[in-house]
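Every number in this text was worked out from the coordinates using simple rules, so none of it is lab data. Here the structure is a predicted model, which means the values were calculated and not measured. Neighbour counts are summed over all protein chains in view; Cβ atoms, including those assigned to glycine, are modelled from backbone coordinates with ideal geometry.
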Amino acid sequence: MDLARSRRYLKAVGVVLWRPRDSFDAELETFAEGEVSADLESGNEMALPAAPPTQGHASTTGLATPAAASSTSGLAGMAAARAALGAGGGTGAGNGGNTGTSAQARHAATRSSQPPTPPPTPTQPAPLPPDTPIASARPPVPSGPATGSPAPPPAQAPNAADAQAIAAMDWPTLETEVSQCRRCGLCERRSQTVFGVGNRQARLMLIGEAPGEDEDRQGEPFVGRAGQLLTRMLAAIDLPREQVYIGNIIKCRPPGNRDPLPEETAICRAFIERQIALVAPQLLLCLGRISAQALLQTGDALWRLRGRWHSFGPERIPLLVTYHPSYYLRTPAEKARGWEDLQQVARRLRDLYTETP
């Protein structure tokens, strides 16, 4: 049997031959002469059995190192090689006196070709009786309200009688009422109320949103960075701060400078309305979304309200909406739009001064 046919045969029976590269020529000559048995015993030719096929996958030819050839599977592969070569018609040295060895090789090859014993099937638990409750993996969800910190009180509409009483107050009474106000929870954290400041007979009245940290400490609206910017903006249209009146919708600082809540705005609205009535301005300028929505009683977004003239109250006082000065601090590129709004205010004021005899 030539070398090529021997390799094909051994591959067909699942035996892989491995040899060192430096002894390939010598072993080739030995293999051609039929002295395979002596080569296998000397270790120059190692017969390696293929890995047993796994269910669901194609069988692959396993590679083993020389050290692994001494294992039980390697010995079985060597015996199978001897039996295969003896059955293939080798020389007398390969056939004579090897009957027991061939039988052992066939037995080892049969054992190596058998599939592995499957693992034991896990024992299934006995079924539960029908009335046995089954535990849930999730904790039960409480049906009632969760216990902990009490929920905030619901928003309350302002008292009509209280609003009428505020509408009849003069300046001193109104200022005292604001300083003692405890109508909402903002009074718990304030340092003091922020009533308003400026000319109480001004033609232009500015309405902000709520005091910040600096305003809460000093008791005057627009004294922080946003207030300093507002002062410079008014000076740019030749309007000193002292000639206008400035107030806020909310008289107490919200915690963390958050936006005022709708119920807080509703409670405080009567105060700013009374201040507007006492000042009786000819123009109103709302600074920011909160003040514009509170006075115009609308939910429209700021971009819909800004830059347009509206009217307020029975007297239909002209009202213009613009950005809050703090917005320009966060977005300096929008100062150009604020300047456009101030130009509208300046033109209206010039017209008022021209009409006045």
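State the percent of C-alpha pairs, over all pairs in the stretch 193-321, separated by a distance greater than 17 angstrom.
When every Cα pair of the stretch 193-321 is considered, 55 percent fall beyond 17 Å.
With a 10 Å radius around each residue's Cβ, average the other Cβ atoms per peptide and rank 346-353, 317-324, highest first.
Per-residue Cβ counts within 10 Å, averaged per peptide and sorted highest first, yield 317-324, 346-353.
Summing Lys, Arg as +1 and Asp, Glu as -1, what charge do residues with Cβ under 10 Å from the Cβ of Gly288 carry, Gly288 excluded? Intermediate results must be reported in sequence, preceding the final value.
On the way: positive: Arg289, Arg306; negative: Glu209, Asp259.
Here the count lands on 0.
Going by average Cβ density within 10 Å per residue, which order do the peptides 240-250, 259-269, 175-185 take, highest to lowest? Mind dumping the intermediate values first?
Details: 240-250: 20.5, 259-269: 18.9, 175-185: 15.1.
Result, highest mean first: 240-250, 259-269, 175-185.
Any chance you could run the full-extension gain for Asp351 through Gln201? It's 0.36 nm times the residue separation minus the Cα-Cα distance, nm to one decimal.
Result for the pair: 52.2 nm of gain on full extension.
Report the net charge of residues surrounding Leu320, where surrounding means a beta-carbon distance below 10 angstrom and charges are Lys +1, Arg +1, Asp -1, Glu -1.
+2
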